[in-house]
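Here the structure is laid out as structure tokens; the discussion comes afterwards.
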Amino acid sequence: MSTNAVRSIATSVAPVDMKFEIVVIPVSDVSRAKEFYAKLGWRLDADYDNGKDFRVIQFTPPGSGCSVIFGKNVTPAAPGSAQGLYLIVSDIEAARKELLDRGVEVSEVFHNDGVYAGADEPYLFGRVRVSGPDPAHGSYRSFASFRDPDGNGWLFQELTTRLPGRIDPGTTTFASANDLASALRRAEAAHGQHEKRTGQRDENWPDWYAKYMAAEQAGTELPT
């Protein structure tokens, strides 16, 4: 049993913000990596080269608050050793199609059916990749993967409704116009079922949409 005392922290003290904003990925050919990440459609934020022994490049995926950095003499990690880099998307089929249209090789969409031990490449739900999206289209449950030229591994994960406590329930935000459009489509489909149940047209559909979208994002009970 440890004898180290754990000091308590007053809960009345607001925690210091710690924003996770940078992931450093190891590459062997900086220019080739730059070409690949530009091909993905990511925003180029910086490319600094001292002309001798140091170069750093930063890209940011669309709608992301976190960026990636790679370059020369920026990490001791072996090229291609970064694995399990997750990109959260609201429509995995659309995200996959966009990369395919850009000429990037992407795996088929896959999910987990409750078996975790297997021979497939590991991801959040173990080592069994079942072909196709999650049959129930559950949030967090569908994936697709791709790699950069060095083999650094990326995965799309489809997320439409966050688990409770993941975000501030009093704040509803969307990272991009595509995310907002996807949320509107889901609200429209749910509202159609709502009108079928009530048997009448809902004149206050904008309010219903707003409540549905806010609840979906916060992970609280959805209106019916």
#### Entry: Members of the stretch 73-99 found to be among the aliphatic types (A, V, I, L, M), under 14 Å from the mean Cα position of the chain (by Cα) and more than 16 Å from residue 154 (Cβ to Cβ), listed by number
94
### Summary
The residue from 141, 102, 127 that alone is over 22 Å from residue 43 (Cα atoms) and more than 15 Å from the chain's Cα centre (by Cα) is 127
### Every residue from the stretch 200-224 that is touching a residue at least 40 places away in the same chain (Cβ under 8 Å) and more than 24 Å from the chain's Cα centre (by Cα)
none
### Query
What residue, of 133, 79, is in contact (Cβ under 8 Å) with a residue 60 or more places away in the chain and outside any strand (DSSP E or B)?
79
### Task
Could you identify the single residue in 57, 92 that is more than 26 Å from residue 132 (Cα to Cα), buried (at least 17 other Cβ atoms within 10 Å of the Cβ) and either free of Cβ contacts under 8 Å to residues at least 60 places away in the same chain or hydrophobic (A, V, I, L, M, F, W, C) (or both)?
57
### Task
Determine whether residue 145 is part of a loop (DSSP other than H, G, I, E, B) and surrounded by 14 or more Cβ atoms within 10 Å (Cβ to Cβ).
no
## Note on the structure
Considering the stretch 36-63, residues that are in a strand (DSSP E or B) and of a type in the set (Asp, Glu), and then whichever is farthest from residue 179 (Cα to Cα), we arrive at 49
### Task
Working only within the stretch 105-129, note down all residues that are crowded, with 17+ Cβ neighbours inside 10 Å and among the hydrophobic types (A, V, I, L, M, F, W, C).
106, 109, 110, 125, 128
### Query
Only one residue in 39, 72, 52, 97 is out of contact with any Leu (no Cβ under 8 Å at 6 or more places or on another chain), under 21 Å from residue 140 (Cβ atoms) and of a type in the set (Lys, Arg). Which one?
97
### Message
Quick test of your reading of the structure: residue 187 fulfils all but one of (1) in a loop (DSSP other than H, G, I, E, B); (2) at pLDDT 75 or above. Name the failing condition by number.
### Response
(1)
### Task
May I ask you to list pairs of residues, at least six apart or on different chains, whose Cβ atoms are under 7 Å apart, with the first in the stretch 114-126 being within 20 Å of residue 147 (Cβ to Cβ) and modelled with pLDDT under 90 and the second being in a loop (DSSP other than H, G, I, E, B) and of a type in the set (Phe, Trp, Tyr)?
none
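The values are calculated or read from the model by the stated rules, or taken from the named source; none is laboratory data. If you're wondering where the values come from, they're calculated on a predicted model, not measured in any experiment. Cβ atoms come from the backbone with ideal geometry, glycine included; neighbour counts cover every protein chain shown.
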